[in-house]
Amino acid sequence: MIETIAGTDLRMTDTAWPFAEANRDAIAAHWRQAQQRRPALFDGQVLGALAPRVVGGILTAELIVTRFSAFLAWRDWGFPDQSYFNAFGSAIIAGNDGGLIYGVMGEHTSNAGHVYPCGGSLEPGDVGSDGVADVFASTARELAEETGLDARDASCGGDFLVSTGQLLSIARLYVFDMPAAALATRIRDNLDRQTDRELSDVVVLTRAADLDPAASPRYALEAARHLLGG
């Protein structure tokens with residue numbers, strides 16, 4: 001489901017995640033296996049969302065802190081705790097010709113080979129002194145880190161929420177004043193200079209059918225259909 005939103009109100013709580021506590025040993029074993037496959041994985045703190053809803057165009061939710069290892073186990077085990085949601089920012093890059101750019105995740109990442117918009121999980125550092133997370137500061141940071149693009153060089157083409165089960169993609173469309181193919185070339189040049197790149201490549205989309213459903217999560221497919229059509 002896709003909803004246009006006017007803003008977000010995601011607030012920190014001190015609630016513990018019962019799933020992480022109840023499955024501590026199994027999560028640790030799963031993490032050891034994940035690190036054996038991809039040693040670059042880092043077990044940092046990430047934020048999850050409880051009780052998300054859109055009221056008057058504003059996405060509201062309570063945020064809790066957990067470890068990436070607990071999130072990864074929850075994801076890989078098929079989202080067993082249905083009260084928990086992965087709410088994350090998505091920076092959708094567009095050229096002035098309407099083409100979109102998605103990233104191809106590097107082989108060292110937990111989503112190796114998958115194709116979707118730049119972005120990432122919310123982190124404690126995204127939360128201000130008022131206890132509210134700034135999702136779009138997060139998307140701007142991820143945009144810069146992954147592609148070298150500066151959000152200030154783009155115009156905002158709109159914000160929307162893509163809900164697919166337990167995944168909540170909080171998306172902002174960043175429209176740059178150049179064709180998508182030229183943007184892709186600029187990004188690839190930046191990737192070649194990165195010493196710790198997250199993306200292996202980028203792809204230009206002119207229609208949603210350009211995506212392989214086997215390589216892209218459902219939220220990425222739905223966002224492309226929303227913006228490009230079939």
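The values are calculated or read from the model by the stated rules, or taken from the named source; none is laboratory data. Note that the structure is predicted; figures quoted are calculated from it, not measured. When we count neighbours, we look across all protein chains shown, and the Cβ atoms used for this are built from the backbone with ideal geometry, even at glycine.
Key figures for this structure:
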{"quantity": "Residues satisfying the stated conditions in segment 76-115, i.e. at pLDDT 95 or above and among the hydroxyl-bearing types (S, T, Y)", "calculated": "S83, Y84, S90, Y102"}
{"quantity": "Inter-residue pairs, beta-carbon under 7 Å, first closer than 12 Å to F68 by Cα and in segment 28-56, second in a helix (DSSP H, G or I) and acidic (D, E), 6+ apart", "calculated": "H30/D76"}
{"quantity": "Residue match in segment 165-179 (condition: over 18 Å from M105 (Cα atoms) and touching an Asp or Glu at 6+ places or on another chain (Cβ under 6 Å))", "calculated": "yes"}
{"quantity": "Checking E142 against (1) closer than 20 Å to R75 by Cβ; (2) part of a helix (DSSP H, G or I); (3) out of contact with any Cys (no Cβ under 8 Å at 6 or more places or on another chain), the condition it does not meet", "calculated": "(3)"}
{"quantity": "Number of positions in segment 82-109 that are surrounded by 17 or more Cβ atoms within 10 Å (Cβ to Cβ) and part of a loop (DSSP other than H, G, I, E, B)", "calculated": "3"}
{"quantity": "Top-ranked residue of segment 152-170 - restricted to ones that are in contact with a helix residue (DSSP H, G or I) (Cβ under 6 Å, 6 or more places away or on another chain) and crowded, with 20+ Cβ neighbours inside 10 Å, ranked as farthest from S90 (Cα to Cα)", "calculated": "V162"}
{"quantity": "Options A16, A51, A28: the member that is out of contact with any strand residue (DSSP E or B) (no Cβ under 8 Å at 6 or more places or on another chain), of a type in the set (A, V, I, L, M) and more than 29 Å from T195 (Cβ to Cβ)", "calculated": "A28"}
{"quantity": "A112 being in a helix (DSSP H, G or I), out of contact with any Leu (no Cβ under 6 Å at 6 or more places or on another chain) and of a type in the set (A, V, I, L, M)", "calculated": "no"}
{"quantity": "Where a residue in segment 203-219 is part of a loop (DSSP other than H, G, I, E, B) and its partner, wherever it lies, is buried (at least 20 other Cβ atoms within 10 Å of the Cβ) and β-branched (V, I, T), with Cβ under 7 Å and at least six apart", "calculated": "L211/V115; A215/V115; S216/V115"}
{"quantity": "Selection status of I64, under 20 Å from A6 (Cβ atoms) and either among the hydrophobic types (A, V, I, L, M, F, W, C) or in a strand (DSSP E or B) (or both)", "calculated": "no"}
{"quantity": "Segment 185-199, subset in a loop (DSSP other than H, G, I, E, B) and without any contact (Cβ under 8 Å) to a residue 60 or more places away in the chain, residue surrounded by the most Cβ atoms within 10 Å (Cβ to Cβ)", "calculated": "Q194"}
{"quantity": "Residues of segment 115-133 satisfying the condition of being part of a loop (DSSP other than H, G, I, E, B) and more than 14 Å from the chain's Cα centre (by Cα)", "calculated": "G128, S129, D130, G131"}
